[in-house]
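Chemist: Questions regarding the structure given below will be posed in turn.
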Amino acid sequence: MEKIIGLINAPFTPFDENGDVNLKPIPEYAALLQRNGLKGVFINGSSGEGYMLTDEERMQLAEAWMAAAPKDFKVIVHVGSCCVRSSKKLAEHAQKIGAWGIGAMAPPFPKINRIEELVKYCEEIAAGAPDLPFYYYHIPAFNGAFLSMVKFLEAVDGRIPNFAGIKYTFESIYEYNQCRLYAGGKFDMLHGQDETILPSLAMGGAQGGIGGTTNYNGKVLTSIIEAWKDGDLEKARELQNFAQEVINVICHFRGNIVGGKRIMKLIGLDLGGNRTPFQNMTDEEEATMRAELEAINFFERCNK
């Protein structure tokens, strides 16, 4: 099974003034991402507020991204849901429209507390798209599924034919690397924390990844990988430290889903607000965030 090389972006879902899904910006969005070095998209995940969309909206977005995707641009569809039947339907749809792959995080309710529960959940969903690579999206801060991913790989190995690997969005670089080394590197371990690309590269990982701040800072993040490949460690360090400065700013404004999405407006692609219960940014907060970003020269280095 093919392993992803390069960074995949986790896009925001565009909404109009009424809070309805707005498909119009997606072609421009796709072109922006490709222009700044991204290799594809992982849609309808946490950055895309996937759990707050209807099944119909999620399918519309998948179709719109497939229509807009440049040549060789990978479209991976997050199909996770609290309803496994919905997830399987979304997986079937993703395969039908020709998506490159699918993925699913553990549901926020009911909380999954055992490896077997997680494997069964993934097994039923992956069966909906047997011809597509399936990735488990490990983000326990969102769903409380603080389970050993090494034990998960041991349990899933040989059981789900189209299991490809893990989108690993957790703080344990040690565990990430242990998963990467499992069975001689059998599975694709996609790095999921933009703030730790460089240390993961030093351990041999982060050859492929999925990130959220790549929406507006992708040029910098892809350059970390290029600087590492070129042997320019000082440049790679400076780029990683700058990426962390950007993350420090969005943490002042309710994180990437809220603050990061408003940055897209500041760089020229207005994707609207966020759905309830997210608290949207005020105009005053936007002005403050702009000033903080200007102070670190973000607009000279961001995606354009």
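The values are calculated or read from the model by the stated rules, or taken from the named source; none is laboratory data. It should be emphasised that the depicted structure is a prediction, and the values quoted were computed from it without experimental measurement. Here Cβ is always computed from backbone atoms with ideal geometry, including for glycine, and neighbour counts include all displayed protein chains.
Chemist: Can you name every residue in the range 37-48 that is in contact with a helix residue (DSSP H, G or I) (Cβ under 7 Å, 6 or more places away or on another chain) and surrounded by fewer than 24 Cβ atoms within 10 Å (Cβ to Cβ)? First the steps, then the outcome.
Modeler: Restricting attention to the range 37-48, the residues satisfying the condition of being in contact with a helix residue (DSSP H, G or I) (Cβ under 7 Å, 6 or more places away or on another chain) are 37-38, 41, 43-44, 46-47.
Hits for the range 37-48 are Gly37, Ser46.
Chemist: Quick one: in the range 180-202, of everything that is in a helix (DSSP H, G or I) and under 15 Å from the mean Cα position of the chain (by Cα), which residue is nearest to Thr213 (Cα to Cα)?
Modeler: Here the residue is Asp194.
Chemist: Return only the number of the condition from (1) β-branched (Val, Ile, Thr); (2) over 27 Å from Asn18 (Cβ atoms); (3) in a helix (DSSP H, G or I); (4) in contact (Cβ under 8 Å) with a residue 60 or more places away in the chain that Ile210 does not satisfy.
Modeler: Here Ile210 clears every test but (3).
Chemist: Pairs only if they're at least six apart or on different chains, beta carbon under 8 angstrom, first in the range 249-260 and under 20 Å from Asn297 (Cβ atoms), second aromatic (Phe, Trp, Tyr) and not in a helix (DSSP H, G or I); list them, first residue then second.
Modeler: Listed pairs, sorted by first residue: Gly260/Phe12.
Chemist: Still on this structure: Counting only residues that are surrounded by fewer than 18 Cβ atoms within 10 Å (Cβ to Cβ) and in contact (Cβ under 8 Å) with a residue 12 or more places away in the chain, which one in the range 277-287 is nearest to Asn217 (Cα to Cα)? Give the steps one after another, and end with the answer.
Modeler: Pass one, the range 277-287, residues surrounded by fewer than 18 Cβ atoms within 10 Å (Cβ to Cβ): 277-280, 282-287.
Filter once more, so that each one left must be in contact (Cβ under 8 Å) with a residue 12 or more places away in the chain: 278-280, 285-286.
Working: Phe278: 23, Gln279: 23, Asn280: 21, Glu285: 20, Glu286: 18 Å.
Restricting to residues being surrounded by fewer than 18 Cβ atoms within 10 Å (Cβ to Cβ) and in contact (Cβ under 8 Å) with a residue 12 or more places away in the chain, the top hit is Glu286.
Chemist: Something else now. Checking the structure you have, find out if any residue of the range 126-137 is surrounded by 16 or more Cβ atoms within 10 Å (Cβ to Cβ), of a type outside the set (Val, Ile, Thr), modelled with pLDDT of 95 or more and farther than 25 Å from Gly6 by Cβ.
Modeler: Yes, that holds for at least one residue.
Chemist: Among the residues of the range 165-188, which ones are closer than 14 Å to Ile139 by Cβ and surrounded by 19 or more Cβ atoms within 10 Å (Cβ to Cβ)?
Modeler: Within the range 165-188, Ile166, Lys167, Tyr168, Thr169, Tyr176 qualify.
Chemist: Based on what the data block shows, is Gly218 touching a residue at least 40 places away in the same chain (Cβ under 8 Å), among the small types (Gly, Ala, Ser) and outside any helix (DSSP H, G or I)?
Modeler: Here the answer is no, as Gly218 does not meet what is asked.
Chemist: Can you name the residue in the range 1-51 that is touching a strand residue (DSSP E or B) at 6+ places or on another chain (Cβ under 8 Å) and of a type in the set (Phe, Trp, Tyr) and is also farthest from Gly272 (Cα to Cα) among such residues?
Modeler: So, considering only residues that are touching a strand residue (DSSP E or B) at 6+ places or on another chain (Cβ under 8 Å) and of a type in the set (Phe, Trp, Tyr), the one farthest from Gly272 (Cα to Cα) is Phe42.
Chemist: Moving to a separate point now. Scan (1) touching a Leu at 6+ places or on another chain (Cβ under 7 Å); (2) not in a helix (DSSP H, G or I) for the single condition Arg159 breaks and write down its number.
Modeler: Tallying (1) touching a Leu at 6+ places or on another chain (Cβ under 7 Å); (2) not in a helix (DSSP H, G or I), Arg159 fails exactly one: (1).
Chemist: Tell me which of these Val119 doesn't satisfy, since it passes every other one: (1) in a helix (DSSP H, G or I); (2) at pLDDT below 95.
Modeler: Condition not satisfied by Val119: (2).
Chemist: Another question, then. Within the range 111-122, which residues are free of Cβ contacts under 8 Å to residues at least 40 places away in the same chain and within 20 Å of Gly45 (Cβ to Cβ)? Working first, answer last.
Modeler: Going through the range 111-122, the residues free of Cβ contacts under 8 Å to residues at least 40 places away in the same chain turn out to be 111-114, 116-118, 120-121.
Lys111, Ile112, Leu118, Tyr121 - these are the residues of the range 111-122 that are free of Cβ contacts under 8 Å to residues at least 40 places away in the same chain and within 20 Å of Gly45 (Cβ to Cβ).
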